[in-house]
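Presented below is the structure to which this report refers.
The values are calculated or read from the model by the stated rules, or taken from the named source; none is laboratory data. Bear in mind the structure is a predicted one, so any value in this text is a computation, not a measurement. Neighbour counts run over all protein chains shown; Cβ positions are idealised from the backbone, glycine included. Side chains are part of the model used for accessible areas, which takes the heavy atoms of the whole protein and leaves out ligands, DNA and RNA. Shrake-Rupley method; radii C 1.70, N 1.55, O 1.52, S 1.80 Å.
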There are 2 protein chains.
Amino acid sequence: MKFTCAKNKLQEAISISQKAVTGKSPMPILQGIYISAKENQLTLIGSDIDLSIETKIQAQIEEEGTIVVDSKIFGDIIRKLPNSAIQINTVDNNAIQIICEKSRFTLIHMNADEFPSLPSINENMIFNMSQKTLKNMIKGTIFAIAQDETRPILTGILFEVNDKKLNLVALDGYRLALKSNNIDNENTINAVIPGKTLSEVGKILSDDDENVNITFTPNHILFNLGQTKIISRLLEGEFIKYNSIIPDEYDLKVTAKKGELLNCIERASLMAKDGNTNLIKFDIKEDNLIITSNSQLGKVREELNIVLQGSELQIAFNSKYLIDVLKIIEDDEIIMQFASSVSPCVIKNTENTSYTYLILPVRLLNFE
Amino acid sequence: MKFTCAKNKLQEAISISQKAVTGKSPMPILQGIYISAKENQLTLIGSDIDLSIETKIQAQIEEEGTIVVDSKIFGDIIRKLPNSAIQINTVDNNAIQIICEKSRFTLIHMNADEFPSLPSINENMIFNMSQKTLKNMIKGTIFAIAQDETRPILTGILFEVNDKKLNLVALDGYRLALKSNNIDNENTINAVIPGKTLSEVGKILSDDDENVNITFTPNHILFNLGQTKIISRLLEGEFIKYNSIIPDEYDLKVTAKKGELLNCIERASLMAKDGNTNLIKFDIKEDNLIITSNSQLGKVREELNIVLQGSELQIAFNSKYLIDVLKIIEDDEIIMQFASSVSPCVIKNTENTSYTYLILPVRLLNFE
């Protein structure tokens with residue numbers, strides 16, 4: 001194998017394919033990046049079996065071949081080289097030589113035959129959407145996936161296509177995040193994608209209107225971004241019927257300025273750190289929301305102007321769940337809907353229904 | 001106690017005095033900030049006994065008094081409050097009330113009588129220098145202090161005034177850093193300041209030409225920045241006679257571009273991480289410096305144009321010590337002086353003698 005390519009392009013390709021390399025795999029080959037040089041193209045693949053990322057860049061190939069090199073050290077070397085042409089060729093003793101200006105590295109490589117092959121996916125059932133939209137939907141839901149593996153299905157995000165609408169749903173037993181978007185597709189899809197996959201996909205998607213093509217098989221999802229393909233295993237099992245969790249009716253509706261509400265909750269939660277309960281209390285009355293919290297260190301009272309439709313209510317929350325949601329929302333104004341002090345709070349925006357967040361309250365014995 | 005002050009000023013004063021609070025003190029009172037309200041001024045003090053930082057800001061005092069409040073929670077609260085006027089007053093049950101716009105905190109306080117009093121220092125033997133210069137001298141030496149407590153005196157920096165010259169010296173048994181500056185003072189001083197103190201002083205000093213007044217007592221140093229005073233215990237014991245370590249003579253002198261040399265060493269050290277030895281080898285000949293390193297993963301060869309005066313030499317180093325020095329130096333060109341492969345390398349700048357760095361080589365059995 002022998003090829004020459006631009007340093008910055010190679011660095012970017014390593015950075016993309018590396019996102020699938022966990023570095024803690026029991027299989028040493030999976031700590032490597034697969035590099036194939038063929039027909040004026042380099043193909044780089046990183047994989048942890050569940051997730052594989054393949055990306056292609058142009059290169060001048062003098063001699064075709066395939067190798068696997070340690071992802072970390074190879075990435076570090078390329079990053080530190082000057083921004084110039086890099087020549088890489090195999091030498092004796094399972095090694096490659098990396099030459100860039102006056103730098104010359106010799107690095108052992110692994111046998112490319114041992115690298116697992118990617119699942120073969122027939123890209124026939126495709127739907128596409130803008131990368132920016134998908135990135136935004138991932139960001140708006142991924143924080144709500146379950147962090148522990150007690151119920152593995154909840155470590156993923158439901159990817160549901162129905163009635164020309166795409167819904168992404170995450171829930172962890174305490175809160176739920178739902179982002180929706182209209183799409184031009186007649187198919188029905190119901191698949192659960194691992195959170196780790198969508199977290200890495202979110203980092204690779206661009207912020208502009210370029211499209212991503214998405215294909216499903218019974219066990220896999222393929223995101224095709226053109227030069228880059230991301231293939232992931234789907235999670236097995238049935239996702240929770242989330243629609244039955246979201247209440248249709250409510251007794252009171254609070255409209256509030258998002259920034260102000262977030263600031264008040266963040267300040268109130270400073271006093272709620274005792275014993276990690278993060279407990280804050282809402283006292284909703286007339287046109288005021290009073291937020292209080294107390295601990296051994298002292299207490300806090302915050303007051304916020306709101307517009308209230310409905311009766312008064314006292315309800316308590318784990319402040320972390322509210323802060324997580326309010327930090328994600330980009331709207332200036334939000335709506336909170338409540339039914340009772342033991343029913344979930346639903347957070348929506350004022351204009352459309354592109355998101356729905358639900359947070360369970362904390363049951364209090366009494367309200368001091 | 002009752003006063004009103006601007007949020008941003010109070011926040012800054014907390015941030016400064018907090019730098020002396022370690023948060024791990026066995027004395028609970030030392031996790032607090034001492035606040036005294038008197039004659040239209042607030043005085044804030046943070047202390048860990050060895051190091052105390054006192055800073056003053058203007059405030060409208062309605063009722064004088066002194067309290068101690070937990071440094072972390074008080075700092076967090078003030079930081080999160082809106083940028084507005086803050087009113088603080090004592091209430092019943094050893095608590096203070098903090099009011100800012102619609103936020104109202106009640107926070108327990110500690111008894112100010114338990115707070116240790118600052119060492120009383122008579123500011124008569126003063127010399128002064130620009131804050132910027134001192135900041136620069138600290139930055140240029142502090143990385144070379146000893147990290148372990150085997151020889152406590154080496155965890156400090158020698159502060160030496162002699163012949164109208166100030167020298168700061170740090171050394172850890174493997175390398176030495178010396179920064180010098182002319183000062184207009186006839187005194188002779190020889191004191192060792194704890195590294196922790198100078199690290200915090202470096203963060204508080206400004207980047208401009210304002211002066212800092214420095215006073216020594218047999219056991220303490222006082223940095224007076226006007227509104228802020230930093231008082232630190234000195235380290236006891238004799239510093240190593242560093243002058244005898246710096247060689248006067250050398251056999252070869254290498255002039256090199258600093259940025260290029262740093263890049264080459266950083267790349268070479270990628271292959272030197274095996275077993276944490278960071279071993280890299282210099283092969284100095286004619287107008288080239290060849291840097292090599294190898295490990296189980298492979299090997300590297302870097303080549304750099306230099307100007308050599310003297311004979312050829314092969315010498316090995318721990319790359320970390322070279323990288324630390326080269327990252328600190330701001331000059332484009334540096335000089336390295338060598339006597340033999342077992343004598344220290346001395347790094348200076350080409351124009352004057354404002355710094356001298358010394359690095360011990362690693363003894364090799366043979367040079368492959």
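Report, for A:VAL342, each distance to the same residue's label point in the other copies, shortest first and in nm; define the point 7 Å along Cα→Cβ.
Those separations, rounded to one decimal, come out as 8.3 nm.
Restricting to DSSP loop positions (anything but H, G, I, E, B) with no more than 14 other Cβ atoms inside 10 Å of their own Cβ, which GluC sites (Glu not before Pro) remain in the range A:195-248?
Values: sites: A:GLU200, A:GLU210, A:GLU236, A:GLU238; in loops: A:GLU210, A:GLU236, A:GLU238.
For GluC sites (Glu not before Pro) across the range A:195-248 that sit outside H, G, I, E and B with at most 14 neighbouring Cβ atoms in 10 Å, the list reads A:GLU210, A:GLU236, A:GLU238.
For a quick check: with amide H placed at 1.01 Å from N, whose amide H comes under 5 Å from A:PHE127's, ignoring anything fewer than 5 positions away on the same chain?
The list, which skips near neighbours in sequence, is A:ILE214.
So who's got an amide H within less than 5 Å of the one on A:VAL192, skipping anything under 5 residues away but keeping other chains? H placed 1.01 Å off N, in plane.
Here A:PHE159, A:LEU235 satisfy the definition.
Leaving ligands, DNA and RNA out of it, work out the accessible area of B:ASP331 with a 1.4 Å probe and give it in Å² to the nearest 10.
Spelled out: B:ASP331, probe radius 1.4 Å, area about 50 Å².
Just how far, in whole angstrom, is the range A:37-82 from the range B:149-210 if you go by their alpha carbon centroids?
Taking the Cα centre of each part, the range B:149-210 and the range A:37-82 sit 49 Å apart.
Ignoring ligands, DNA and RNA, please state the percent of accessible area on the protein assembly as shown from carbon and sulfur, probe 1.4 Å. If you can, show how the numbers build up before the last one.
Values: 14770 of 34400 Å².
Ligands and nucleic acids excluded, carbon and sulfur reach 43 percent.
Ignoring ligands, DNA and RNA, what accessible area per residue does chain A give at 1.4 Å, in Å²? Could you put the intermediate results ahead of the total?
Values: 17200 Å² over 368 residues.
With all protein chains present, chain A gives 47 Å² per residue.
Hey, could you grab the Kirkwood Rh for chain B? Inverse mean 1/r over distinct alpha carbon pairs, Å, one decimal.
Numbers: mean 1/r = 0.0429 Å⁻¹.
Value: 23.3 Å, from the Cα pair sum.
Compute the acute angle (0 to 90°) between the alpha-carbon long axis of helix B:258-270 and the principal axis of greatest extent of the alpha-carbon atoms of chain B; round to the nearest 10°.
Helix B:258-270 sits roughly 90 degrees off the main axis of chain B.
In nm, what does the list of distances from A:SER311 to its counterparts in the other copies look like, shortest first, when each label sits 7 Å along Cα to Cβ?
Distances between equivalent label points, in nm: 9.9.
Hey, what do the phi angles of the range A:103-118 turn into as Karplus ³J(HN,Hα) couplings, whole Hz, using 6.51/-1.76/1.60 and θ = phi - 60°, x for Gly and Pro?
8, 9, 10, 10, 9, 5, 10, 9, 7, 5, 5, 7, 6, x, 7, 5
Just how large is the dipole of the range A:126-243 about the Cα centre, in debye to the nearest 20, putting +1 at every Lys and Arg Cβ and -1 at every Asp and Glu Cβ? Display every interim value, and only then the final one.
Values: 13 positive and 14 negative charges, 35 e Å.
With only Lys, Arg, Asp and Glu charged at Cβ, the dipole is about 160 debye.
How far is B:ILE189 from itself in the other copies, in nm, if each label sits 7 Å out from Cα along the Cα-Cβ line, shortest first?
7.0
From the phi angles alone, apply the Karplus equation (6.51, -1.76, 1.60; θ = phi - 60°) to the range B:145-158 and give each ³J(HN,Hα) in whole Hz, x where the residue is Gly or Pro.
5, 5, 8, 9, 9, 3, 10, x, 4, 7, 7, x, 10, 6
Is the shape of the protein assembly as shown best called rounded, prolate or oblate, per the rule: a/c under 1.5 gives rounded, else a/b larger than b/c gives prolate, else oblate, with a ≥ b ≥ c the square roots of the Cα gyration tensor eigenvalues?
On the way: a/c = 2.85, a/b = 1.08, b/c = 2.65.
Because a/c hits 1.5 or more and a/b fails to exceed b/c, the protein assembly as shown counts as oblate.
Compute the acute angle (0 to 90°) between the alpha-carbon long axis of helix B:195-204 and the principal axis of greatest extent of the alpha-carbon atoms of chain B; round to the nearest 10°.
70 degrees
Tally Lys and Arg at +1 and Asp and Glu at -1 over the other residues with C-beta under 11 Å from the C-beta of A:ASP184: what net charge comes out?
+1
Using alpha-carbon pairs under 8 Å, 6+ residues apart, how would you state the relative contact order of the range B:63-215 in percent?
Answer for the range B:63-215 is 21 percent.
Nearest 10 degrees, 0 to 90: what angle lies between the long axis of helix B:71-80 and the longest principal axis of chain B (Cα atoms)?
That helix lies at roughly 80 degrees to the long axis.
With every protein chain left in place, what is the accessible area of B:MET27 in Å² (1.4 Å probe, nearest 10)?
80 Å²
Where in the range A:42-74 does accessible area fall by at least 50 Å² between the isolated chain and the complete protein assembly, at a 1.4 Å probe radius?
A:ILE73
Got a sec to turn the phi values of the range A:297-312 into Karplus ³J(HN,Hα) couplings, 6.51 cos²θ - 1.76 cosθ + 1.60 with θ = phi - 60°, whole Hz, x for Gly and Pro?
Listing the rounded values in order: 7, x, 8, 9, 9, 10, 10, 9, 6, 9, 10, 10, 10, x, 7, 6 Hz.
Return the lysines within reach of A:LYS56: Cα separation strictly under 16 angstrom, same-chain partners fewer than 8 residues apart disregarded; answer none if there are no such residues.
List returned: A:LYS7, A:LYS9, A:LYS19, A:LYS38, A:LYS229.
So which of A:LYS179/A:LYS241; A:LYS135/A:LYS327; B:LYS24/B:LYS327; A:LYS24/B:LYS281; A:LYS179/A:LYS203; A:LYS196/B:LYS80 end up more than 21 Å apart, counting from Cα to Cα?
Values: A:LYS179/A:LYS241 16 Å; A:LYS135/A:LYS327 16 Å; B:LYS24/B:LYS327 32 Å; A:LYS24/B:LYS281 32 Å; A:LYS179/A:LYS203 18 Å; A:LYS196/B:LYS80 33 Å.
Violating the 21 Å Cα-Cα cut-off are B:LYS24/B:LYS327; A:LYS24/B:LYS281; A:LYS196/B:LYS80.
Tell me, what is the percent relative contact order of chain A, built from C-alpha pairs under 8 Å that lie six or more residues apart? Write down the numbers at each step before the final one.
Working: 818 pairs, mean separation 45.0, N = 368.
12 percent.
Work through the residues other than A:VAL300 whose Cβ is under 10 Å from its Cβ and net out their charges, Lys, Arg +1 and Asp, Glu -1. It would help to have the intermediate numbers written out before the result.
Values: positive: A:ARG267, A:LYS299, A:ARG301, B:ARG104; negative: A:GLU302.
Cβ neighbours under 10 Å give a net charge of +3.
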